[in-house]
Amino acid sequence: MALKSKLAIAAGKSSYWFLHNVMHGGTSLPGKITLAIDPDVLKELAKDYEIVIVTGTNGKTLTTALTVKVLKQKYPEILTNPSGSNMKQGIVSTFLSAKKVKNGKKIAVLETDEANVPIISQYVAPTAFVLTNIFRDQLDRFGEIYTTYNKILQGIKMHPQAKIIANGDEPLFHNLQDLPNQVVYFGFDNQPDQDQKAPANTDGVLCPKCNHILHYYSRSYGNLGKYFCPHCGFERPELTYRMNQIVDQTPQSSTVKVDDHEFTLHIGGTYNIYNALAAYSVGAEFNLLPHEITKALGADDKNIFGRQEVVHVGDKDVTIILVKNPVGLDQVLQMIKTDKNPFSLAFLLNANYADGIDTSWIWDGSFEELPFDHIPSVLTGGERYKDITFRMRVAGVPEEHFAQRPDLKEAVNYIKQMPTKHVYVLATYTAMLQLRKMLADEGYIKGGME
C-alpha cells in the first residue's frame with residue numbers, strides 16, 4: 001500500500017472513530033478527509049471485496065437494506081451504507097468503518113447515487129449491479145430519464161464481467177441485453193393480460209427501439225409493467241424472478257408470493273414489493289435457498305432509515321416517509337389513503353441540493369385523491385412550506401383542518417398535538433435529516449444521522 005493511502009486511511013479512520021463515538025454522527029466527513037489526502041483511496045479500500053452496487057431512482061436504500069438482511073442468512077458480515085450516504089465520500093466512509101472479516105467472503109452491498117455509478121466504478125470491481133427503476137427526479141442534477149440511464153450505463157460498461165440484476169418491468173432496462181454482461185430480470189406477473197396504455201402524463205413510455213407509444217398487458221405503476229410495442233414487437237424480456245401474487249396489502253405491510261414462495265414484508269406500498277423482489281433476486285443469485293430468503297424478508301426487526309420509519313412521539317405513532325419525485329410521491333399517497341383508520345398528515349418540503357432545487361414535482365402527486373374527510377389535521381412545513389401549502393390548498397384541504405409551521409421545532413410541537421394517534425410525515429431528504437436530528441435531540445430516537 002502506498003504511503004499516501006496509508007496516511008489517508010489512518011486519518012479517515014481516526015475521524016470516523018471521533019465523529020461516531022464522540023459526536024454520534026458523520027457519514028460523509030471521514031470520506032471527505034480521506035479523499036482530500038488520497039483521491040484514489042477507494043481502490044485500495046475496496047480491493048478485497050465482492051461488491052454489489054444498488055442504484056436507480058427510487059428504492060435504493062430499502063433494496064440495499066433488504067439485500068443485506070437476505071445475504072446475512074449465509075454471510076454474517078456484510079459491509080453497507082445504511083444511512084443512504086451514497087456518493088463517493090459516503091462510500092469511502094463506509095469502507096473506513098469496516099470490521100475485519102475472520103472467515104468467509106468479504107461482501108459489500110453499496111447503495112450508489114445514479115450519477116456516482118461511473119465515479120465509483122472507476123475504483124471498484126462490482127460482482128453485480130442491481131437496478132431498481134428510472135423515474136424523473138431532480139431535474140437540476142439529472143435532466144431527463146435518459147441522462148440518468150446513460151450515467152448508470154457508463155459505469156456498467158467498465159465492468160463487462162459483472163452480473164446485472166435489473167427490474168424487467170422498466171422498459172429502458174431491456175436494452176441491457178445489448179451488453180456483454182449476464183442480465184437477470186425480476187418483475188411483476190400477478191395480473192391477467194389486458195391491452196392498455198399508461199396515463200398520458202407518464203414518463204418513459206416511448207418504445208426504446210422505435211419511439212412509438214408502448215402498450216401494456218399489465219401495469220403496476222408509472223411506466224412499470226408487462227410492456228409491449230404493437231409497432232415493432234419490442235416487449236418485456238423473460239423474467240427469472242417474478243412476484244406472482246399479492247395476497248394482502250395494508251399501509252404497514254404486504255403479503256406476497258415470489259415464485260410461489262409466500263412471505264409478509266413489514267412495510268407497506270406496492271413500490272416496496274419491487275424492492276423486496278430485487279433483494280430476493282440477489283439472494284437467489286448468491287445461491288441462497290428460497291426459504292432462507294423469505295425468512296429474511298419476512299423478519300420485522302427494525303425500521304429503515306427514514307423509509308416508513310415509525311417513531312413514537314409522546315402518544316403518537318409518527319411514520320416518516322421520504323418523498324422526492326412525482327412517481328414516488330404518488331405511490332406514497334396511494335398507500336396512505338388506504339389506511340382504514342383516521343390519520344393526520346404533515347409534509348415537510350425543502351429544496352436544497354440533496355433534495356433537488358426544483359419543487360414543481362409536487363404538482364404531479366394526486367393529493368386530490370386523499371380522503372380529507374378521513375384526515376382531521378394537515379400540517380405543512382420546511383424551508384419551502386409556501387409551495388406545499390399552496391399545493392395542498394389547491395387539492396382541497398379544508399382550512400379549518402390546515403396549519404403551517406415553517407420552523408421545524410414548531411412543526412414537531414404541532415405534530416405532538418395532532419388529534420389522531422397515527423401521523424404520516426412526508427419529508428424531502430434534508431427535511432427528513434433535520435427532523436430525525438431533532439427527534440434524536442429530544443430522545444425519541446437514537447442518533448439523528450444513522
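The values are calculated or read from the model by the stated rules, or taken from the named source; none is laboratory data. Given the structure is predicted, the values throughout are model-derived calculations rather than measurements. Because the Cβ atoms are built from the backbone with ideal geometry, glycine has one as well, and the counts that use them run over all protein chains shown. Only protein heavy atoms, including side chains, enter the accessible area calculation; ligands, DNA and RNA are left aside. Shrake-Rupley method; radii C 1.70, N 1.55, O 1.52, S 1.80 Å.
General observations
- Rounded, prolate or oblate (a/c below 1.5 giving rounded, otherwise prolate when a/b exceeds b/c) for the range 232-376 by Cα gyration tensor: prolate
- Qualifying trypsin sites (Lys or Arg not before Pro) for the range 92-181 [loop in DSSP, other Cβ within 10 Å: at most 12]: 99, 100, 102
- Shown for the range 375-416 is the translational diffusion coefficient from the Stokes-Einstein equation, using the Kirkwood radius over Cα pairs, a temperature of 10 °C and a viscosity of 1.306 mPa s: 154 µm²/s.
- Rel. contact order, % - alpha carbon contacts under 8 angstrom, at least six apart, the range 259-372: 22 percent
- Set of aspartates and glutamates with alpha-carbon distance to residue 316 below 15 Å, sequence-local pairs under 8 removed: 442
- For the range 26-72, the equivalent ellipsoid built from the Cα gyration tensor has semi-axes of 25, 15, 10 Å, listed from largest to smallest.
- Prolate/oblate/rounded label for the chain (Cα gyration tensor, a/c 1.5): oblate
- Estimated 222 nm signal from helices in the chain, with DSSP H stretches of n ≥ 4 weighted -39500 (n - 2.57), rounded to 500: -9500 deg cm²/dmol
- Alpha-carbon Debye profile of the range 114-177, log10 I(q)/I(0) at 0.27 Å⁻¹: -1.27
- On a per residue basis, the convex hull of the C-alpha atoms belonging to the range 326-410 measures out at 94 Å³.
- For residue 105, the aspartates and glutamates whose Cα falls under 16 Å of its own Cα, not counting residues fewer than eight places away in the same chain, are 48, 50, 77, 285.
- Taking GluC sites (Glu not before Pro) across the range 191-262, the ones in a DSSP loop with at most 13 further Cβ atoms lying within 10 angstrom of their Cβ are 238.
- Protein heavy-atom accessible surface, 1.4 Å probe, per residue over the chain: 41 Å².
- When the listed pairs 69/340; 99/295; 43/88 are checked against a 19 Å cut-off, the alpha-carbon distance exceeds it for 69/340; 99/295.
- Taking the DSSP bridge list for the chain and keeping only pairs wholly inside it, about 40 percent are antiparallel.
- Share of carbon and sulfur in the accessible heavy-atom surface of the range 318-447 [1.4 Å probe, %]: 52 percent
- Under the combined filter of DSSP loop state and at most 14 neighbouring Cβ atoms within 10 Å, the range 229-307 retains these trypsin sites (Lys or Arg not before Pro): 302.
- All distinct Cα pairs of the range 58-114 go into the 1/r average, and the inverse of that average, the Kirkwood radius, is 11.7 Å.
- Too-long pairs where the Cα-Cα distance tops 26 Å, listed order kept, from 13/157; 324/437; 74/100; 151/209: 13/157
- Relative contact order (percent, whole number), the chain, Cα cutoff 8 Å, 6+ residue spacing: 13 percent
- Surface composition of the range 102-180: carbon plus sulfur atoms contribute 49% of the solvent-accessible area (1.4 Å probe, protein chains only, all chains present).
- Considering only Cα atoms, the convex hull volume of the range 292-450 works out to 124 Å³ per residue.
- Two-decimal log10 I(q)/I(0) for the range 173-267, as the Debye equation yields it once each C-alpha is a single scatterer, q = 0.10, 0.17, 0.20 Å⁻¹: -0.32, -0.85, -1.06
- Relative intensity of the range 337-376 on a log10 scale, I(q)/I(0) at q = 0.15, 0.17, 0.19 Å⁻¹, equals -0.50, -0.60, -0.70, per a Debye sum over C-alpha point scatterers of equal strength in the absence of solvent.
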